[in-house]
Structure formats: C-alpha cells, structure tokens
1. I'd like to compare 28-37, 66-75: which one has the highest average count of other Cβ atoms within 10 Å, and what's the full order after that?
2. Using 0.36 nm per residue of separation minus the Cα-Cα distance, give me the extension gain between residue 45 and residue 63 in nm, one decimal.
3. Around residue 74, under 11 Å between beta carbons, what's the net of Lys plus Arg minus Asp minus Glu among the other residues?
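All of the numbers you see were taken from the coordinates with simple rules; none came from a lab. All values reported here derive from a predicted model rather than from experimental measurement. Reconstructed Cβ throughout: ideal geometry from the backbone, glycine too, with neighbour counts over all protein chains shown.
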Amino acid sequence: MKIKGLFLGFAMAAVSLPSLAEDAHTYHYGDHLDVAKVVSIQNPEGCEVGSSTMVYLDSQGVRHTLKYLRTGSQCND
C-alpha cells in the first residue's frame, strides 16, 4: 500500500510539472500584443506551415511565450 501511495504521489507531481513551466499563449487573429523586446524566435524547419514560438518582453518587462503558425524559413521563391 505504501508503494502505491508513493507512486501516486510521483504521478501527480509529474502531471503538475508542465504547470510550473511558463504557459505559452496561442496567437489568434486580432490579439493585442505588447511586445517591447523579442528574446528569441524558433521557426519551423523546411518550407511547410508549422508551429513557431516567440519569447518576448512586454513594456513592463514581463516575459511571455507566444505560439503561432507560419511557413518555414527555408522556402525557395
């Protein structure tokens, strides 16, 4: 019984770990963004549409993570 409770405790902790990470906001058309400084951008590979992530600071210095769709940066014209 003690092992079962210990396992349950670890399982609950593992489920809650993602909540400790910064929550990413998914961009929707028309969202107002307060971007004072871009920290980093990760673009999708290749030329297909994929998920991109931008980390930025707002005008108050608060760090945000934004997820959005875009084409990869390796497209040939």
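1. Per-residue mean Cβ counts within 10 Å order the peptides as 66-75, 28-37.
2. 4.0 nm
3. Residues close to residue 74 contribute a combined charge of -2.
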